[in-house]
1. Sort 105, 180 from largest to smallest accessible area, using a 1.4 Å probe on the heavy atoms of the protein chains.
2. Show me, for region 91-96, the HN-Hα J-couplings you get by feeding each phi into the Karplus relation (A = 6.51, B = -1.76, C = 1.60, θ = phi - 60°), rounded to Hz, glycine and proline as x.
3. Through the Karplus equation 6.51 cos²θ - 1.76 cosθ + 1.60, θ set to phi - 60°, convert the phi angles of region 58-63 into ³J(HN,Hα) values in whole Hz; use x for Gly and Pro.
4. Measure up 106/191; 86/115; 117/191; 77/106; 106/160 against 31 Å on the Cα-Cα distance and list the ones that go over.
5. Can you work out the FRET efficiency for the pair residue 144 and residue 107, with r the C-beta to C-beta distance and R0 = 30 Å, to the nearest 0.05?
6. Return one whole number: the accessible area per residue of region 116-192 in Å², for a 1.4 Å probe.
7. What's the ranking of 157-163, 137-143 by average number of surrounding C-beta atoms within 10 Å, highest first?
8. Please give the solvent-accessible surface of residue 197 in Å², to the nearest 10, using a probe radius of 1.4 Å with every protein chain present.
Amino acid sequence: MKNQKTYHFRDNDNLLENIDKGNRSKFIRDALKLKFNIDEIGYREKQATNKELICYYNNMIEIYEKELDRLQDEIVKTKQYKKKLKIKVNKIIKQDKELNNQIETKKRLLNDTDKTKHRNEAANTLIKNIILMKNDTLADSVNIEYLKSHGNFRNNNEFKIYVHEYIIKNVKTNSIIANTVIKPEDIEYLKNQVNPRIS
């Protein structure tokens, strides 16, 4: 004997009122089957939608992974470029320092050259004046303070030493100074006159 299951349904809204009592269970079974079929179609549609979504999101993930890989490469390249630029900047800074040093050296050399030039001019002017006054007692004496300032000498002693060294290096026998042919005694006279003139 088959084990028959009996199901009882409450029909509070009297939805089954116009259906024959013998057909009610069949109606209910048909209704449930229809619902299952409808649900299955819905499930399949949802599954299809989910598959599409899964496929779409997987594609998007792949795109983002490729983009991330590209960005990683870009980051590496950018870091390398930044490193190269830093090296260039440091090189330019070094060159700039070298240029500044060269400029300072040139300035110093120019100052030294000007200083030497002015000192030579001061010594030469004094020597010419001494020879001129030896030949012409009425000739005017040069301004020693002006010559000392022009040659940028710190004091009279430095000026005296420089003029003595200038005479030794530059005043030679038979050279012409102040329209006078220099003789050995003129050189001695010059050496003896420097200290009294720069007092």
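The values are calculated or read from the model by the stated rules, or taken from the named source; none is laboratory data. Because the structure is a prediction, the values reported are computed rather than measured. For neighbour counting, all protein chains shown are included, and Cβ atoms are generated from backbone atoms with ideal geometry for every residue, glycine included. Quick note on the areas: whole protein, heavy atoms, side chains included, nothing else; ligands and nucleic acids left out. Shrake-Rupley method; radii C 1.70, N 1.55, O 1.52, S 1.80 Å.
1. Accessible-area ranking of 105, 180, largest first: 105, 180.
2. 5, 5, 4, 4, 4, 4
3. 4, 4, 5, 4, 4, 4
4. From 106/191; 86/115; 117/191; 77/106; 106/160, over 31 Å: 106/191; 86/115; 77/106.
5. 0.50
6. Heavy-atom SASA per residue in region 116-192 reads 62 Å².
7. Averaged packing, sorted descending, gives the order 157-163, 137-143.
8. Looks like 50 Å² after rounding.
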